[in-house]
């Protein structure tokens, strides 16, 4: 009797685990989704990971696509699922890519559908296909990027050796921003340039509608003003020679402050930088050299901050949360476009950051 009990326990413990494993292999793991809107129809594509044993399949492709369309987003999803033999599994979803048309006019419907679907975890990235269709981005695979949804997610997560222009907020954070009446939201974009997937500038919203794109430089500056910048490069003219330049990069997150007094708003930012490329014939043993370069960075940063604020005001997109900060202080509503804006900046150069000097 005891042996039968041990055998039964073994079957329940290890047999159940194998059953779950088999079920997972029978699922169609959806890693990415594209959503376009054309001719009054939603057009959806699912990027499905190829989990089949290579010995049992004729292709070595990492993914395959299933397509569907419909007059509603739910109908398009359902029709795409009809092309999948296995059970669709969306808990592994990394990226949803939407077209500019969807971003401008249909985001509210997309949000309403996605937050009602309990099969989807809201920690994926929502991105916008800039100057192309969402489907063309999702289907743009190559040897370096066999799984586009993973490539897009990695582009957003990593900005090493380049300006930090990504909006690193997941779908849940995007929705929290968009439903807050005192601030607007933003997302990253993806481009195809020279047949290569590339991280594009940040897209800004007013309520549920995309309004415009920042430039790449404005996107990097916005991340500084938002206190989230990983790395941004400053190329400024030499203080002693306007024909040559010096390049500096930031390290550590910037220090920022939004100060509101009545109708006056002062936006401040402080960045720590180090020199990475020097074409200036200056004496770096002198404190005055650093002070002159820091002043150049300050002038550029203030000008760039003004450009971001001007783009925000032109599009009535409160991406810097001015109305929220104002309400927290005065407990009353305000139109952020009616306020007066002032800017201040500071740059600190790490003297140990002078890596090398290039003679002109």
### Percentage relative contact order, the stretch 227-360, counting C-alpha pairs under 8 Å, at least six apart
32
### Query
In the chain, what % of DSSP beta bridges are antiparallel (nearest 5)?
65
### Helix 16-25 vs. the chain, principal-axis angle (Cα, 0 to 90°, nearest 10)
70
### Message
If packing is taken as the average number of other Cβ atoms within 10 Å across a peptide's residues, how do 222-231, 290-299 rank, most packed first?
### Response
222-231, 290-299
### Task
May I ask you to derive the relative contact order of the chain, considering only C-alpha pairs under 8 Å and at least 6 residues apart, and to give it as an integer percent?
12
### Query
Sorted by mean Cβ packing within 10 Å, highest first, what order do the peptides 167-173, 44-50, 260-266 take?
44-50, 167-173, 260-266
### Principal-axis tilt of helix 148-157 within the chain, Cα atoms, nearest 10 degrees
30
### Query
Put a dot 7 Å past each Cα toward the Cβ at residue 118 and residue 287; how far apart are the dots in nm?
6.6
### Task
Take the Cβ-Cβ distance between residue 86 and residue 173 as r, set R0 to 51 Å, and report the resulting FRET efficiency rounded to the nearest 0.05.
0.95
### Task
Return, ordered by residue number, the residues of the stretch 199-219 whose backbone nitrogen is under 14 Å from a label point located 7 Å along Cα→Cβ of residue 314.
204, 211-219
### Summary
With R₀ set to 35 angstrom, the calculated FRET efficiency between the beta-carbons of residue 158 and residue 247, to the nearest 0.05, is 0.95
### Task
Could you pull out which residues in the stretch 84-112 have an amide N less than 17 Å from a spot 7 Å beyond the Cα of residue 61, following the Cα-Cβ vector?
84-86
### Task
Based solely on C-alpha atoms, express the radius of gyration and the Dmax of the stretch 29-213 in angstrom.
15.9, 56
### Message
Restricting to DSSP H runs of at least four residues, report the calculated mean residue ellipticity at 222 nm for the chain, -39500 (n - 2.57) per run over all residues, nearest 500 deg cm²/dmol.
### Response
-9500 deg cm²/dmol
### Message
Could you list 311, 331 so that the one with the fewest beta carbons within 10 Å of its beta carbon is first and the one with the most is last?
### Response
331, 311
#### Entry: Label point distance in nm, residue 235-residue 338, each placed 7 Å from Cα along Cα→Cβ
4.3
### Query
Is the shape of the chain rounded, prolate or oblate, going by the alpha carbon gyration tensor and its root eigenvalues a ≥ b ≥ c, with a/c under 1.5 for rounded and a/b larger than b/c for prolate?
prolate
### Summary
Taking every alpha carbon pair in the stretch 227-360 and sorting the distances into 5 angstrom bins from 0 up to the bin holding the longest one, the percent per bin comes out as 2, 9, 19, 19, 15, 12, 9, 7, 5, 2, 1, 0
### Message
Using Cβ contacts closer than 10 Å as the measure, can you line up 29, 179 from fewest to most?
### Response
179, 29
### Query
Once the Cα atoms of helix 287-314 and of the chain are each reduced to a long axis, what angle between those two axes, in degrees from 0 to 90 to the nearest 10, is obtained?
60
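Each reported figure results from applying straightforward, stated rules to the coordinates on display, with no laboratory input. Owing to the predicted nature of the structure, the values given are computational and were not obtained by experimental measurement. So basically every Cβ, Gly included, is an ideal-geometry build from the backbone, and we count neighbours across all protein chains shown.
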